[in-house]
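Just so it is clear, none of the values below were taken in a lab; they were calculated from the coordinates. It should be emphasised that the depicted structure is a prediction, and the values quoted were computed from it without experimental measurement. In this analysis, Cβ positions are derived from the backbone assuming ideal geometry, glycine residues included, and neighbour counts consider all displayed protein chains.
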Amino acid sequence: MDATTSYFHWGFILISVPNLLVIAGMIVLFAVALVAPFPRGREDEDAGS
Amino acid sequence: MQAAKPVSVKDKPDSWTLRVRQAIDRQLPMDHLLPHRQPYYVGSWVYVFGVVTIAALVWVVVSGVVLAFMGPQWWHDSGVGRFFNSLHFWSVQLFFIFMVLHLWGQYFMAGWRHGRAATWAIGVVIFGVSILTAFTGYLSQQNFDSQFIAVNAKDAMNAAGVGAFFNVLNFGQMYGLHIMLLPIGVTILVVWHIVVVRARGVVKPIDPEGAAPR
Amino acid sequence: MKSMGETQEEYYRGVRMVPYDLVKELVIALVGVGVLALAVSAILSSPDVPPVTIAAWAQSDPVDFVTTANGELAGSTTSAGYGNPYDTNSDGQAWGPIAPQKWFGTRIPIDSADMFVIQPLQRAAVGDADLDAALKTWQSATSDQQGKWTDAYGKALATATVTGGNVVVANGDYGPLPVMMSGLLGVAQAGGLDGLLQINGRFYQTDYTPALLFMGDGGYLSAQAEHWNLLGDQWGMMNETGRYPGQTWLWLYTMWYQVPPFTSDTGFLGLNASNADLGIIILMTLLTAALALVPFIPILRDIPRWVPIHRLIWRDYYAPRRKVL
């Protein structure tokens, strides 16, 4: 893990592959969180509190 | 013996203690601090990023406490020390990952509405102070990375006029800030952030123009 | 007067509440994040490239070391002409009247030539008659004469070679400099300069300012940094040594260092490469303030309304499922 890493170069953007993976992973995680179904609890409460 | 004065909301009681307690009861009663129900629309995984950020922060602090106890040299010379440094390093990565996801979520939910602008602002301050805390952490590593970060970052600090007061080349200063003063600051801010979230409750969905509120 | 508690009751009036276990959620998050962090730590470890020493620098690149030391005496190194907080040999960075670098004074006084070269040599000269004589020659010469020597020696160093650990230059009039530099090189290669600059005359010390400033004046530290892509013009602020993720959250801060006007010498509106640090700090302060004030900034605060991401997050609210009867 202590060897030099590769870089993604596009125009003026120069980003390390580990950093790119982190950012891409975050975008994927956000998208998944948006669409994944959320476990529903029992609906047993009245309206209001 | 005098009869006890009846206490009502209209009379300001003499006792400061009572006044503080009543203010807390009004602002953050226990069933708002620890509610066991939420509005039905709190049903998306996006809501989870906040608590996961807190969880990551707990692991940052726990691993940091171990590193602080054993001293700044330990993790360079010991396998166990290196493991705790790794735990600290990756917890910090997770902390920033989840904090930014939480920021994205709150942005697209416009979480500042209905009187919650302060909650949002405190969140941004937490982001800034966390970056500063991480920065002092990177400077405290006592390896090549901290050498170069120090030599490079000093130019920005000096240009801004703060370099003499916040000397990134001064390990002692950076270390003290990192293990004590800044974590205290982050913790106070996070507690404040959670308190105002619980005091106000979760914000309602964004309503389309003209729709009747549900 | 309405209380906050009543306000929350009013806020949620008519809203259906469902069970939601916050404490269980926190415990699950703690366990989940913990397992993830422990696993990644065990598998990937963390970066720890050992620090560079002055000794390593002097051994690996004696010519660069001597060139730097000569530069300190000449006053031509970065630290020698830095300005505040180290000295007043430059005004530092400024943008028009905004010049905070100058405003707060010389609070960390560093005389580069004296601290990095003369003082260590004075210690090394004890018991070394030649070095002692060379030092005396240097210190009794006029600054004009000193300048001539450092000038000539600096030019000669550009084509210097290393023979048997010594820096060899073409013949010329360099005064006492070859003896002084050879002496300093010897101290450095033996590790003595690390000790002298770190301890700085004390016993206990936690401030590495002199040693780091001296190393920063040379090319060795930055050559190592370039190897790891840590330089400012390599988006270095975001990067980490090895195959590890760095500080991805600094992407916007480091981005400005890659674009005009901060990359150009002519620049724009007085902002250019020579005051990039100041300009970018001002810019990032304004952008951070804007982030905190998003609730009050038109367009920025309206984008969430226009972008339908919230319709995914609250899809039950916008299109509730009908109960099957």
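Tilt of helix B:16-27 relative to the longest C-alpha principal axis of chain B, in degrees (0 to 90, nearest 10)?
Between the helix axis and the principal axis of chain B, the angle is about 90 degrees.
Convert each backbone phi in region C:38-47 into a coupling constant with the Karplus relation 6.51 cos²θ - 1.76 cosθ + 1.60 (shift: θ = phi - 60°), then list the ³J(HN,Hα) values in order as whole Hz, x for Gly and Pro.
Per-residue couplings from phi come out as 5, 5, 5, 5, 5, 7, 9, 6, 8, x Hz.
Within region B:97-131, find all residues whose amide N lies under 18 Å from a label point positioned 7 Å from the Cα of B:ILE194 along Cα-to-beta-carbon.
B:98-100, B:102-103, B:119-120, B:122-127, B:130
For the Cα atoms of chain B, what angle does the longest principal axis make with the long axis of helix B:182-200, in degrees from 0 to 90, nearest 10?
20
Could you go through region C:305-316 in sequence order and give the Karplus-derived ³J(HN,Hα) for each residue, using 6.51 cos²θ - 1.76 cosθ + 1.60 with θ = phi - 60°, rounded to whole Hz, and x for Gly and Pro?
Residue by residue, region C:305-316 yields 5, 7, 8, x, 4, 5, 6, 6, 5, 10, 5, 5 Hz.
Let me confirm the definition first: pairs of Lys residues in the protein assembly as shown, 8 or more apart or on different chains, C-alpha distance under 28 Å. How many are there?
Total qualifying Lys-Lys pairs in the protein assembly as shown comes to 9.
Kindly provide the trypsin sites (Lys or Arg not before Pro) of region C:139-205 that DSSP labels as loop, not H, G, I, E or B, and whose Cβ sees at most 10 other Cβ atoms within 10 Å. Before the final figure, lay out the partial values.
Working: sites: C:LYS148, C:LYS155, C:ARG202; in loops: C:ARG202.
Passing sites in region C:139-205 are C:ARG202.
Using only Cα atoms, find the angle between the long axis of helix C:143-157 and the longest principal axis of chain C, and express it within 0 to 90 degrees, rounded to the nearest 10.
For helix C:143-157, the angle is close to 80 degrees.
I need B:SER78, C:SER45 ordered by Cβ neighbour count within 10 Å, fewest first. Don't skip to the end; give the middle numbers.
Numbers: B:SER78 13, C:SER45 19.
Arranged by neighbour count, lowest to highest, B:SER78, C:SER45 become B:SER78, C:SER45.
What does the net charge come to around C:ILE309 if you take all other residues with beta carbon closer than 14 Å to its beta carbon, with K and R at +1 and D and E at -1? Write down the numbers at each step before the final one.
Working: positive: C:ARG305, C:ARG311, C:ARG315; negative: C:ASP302.
So the environment of C:ILE309 carries a net charge of +2.
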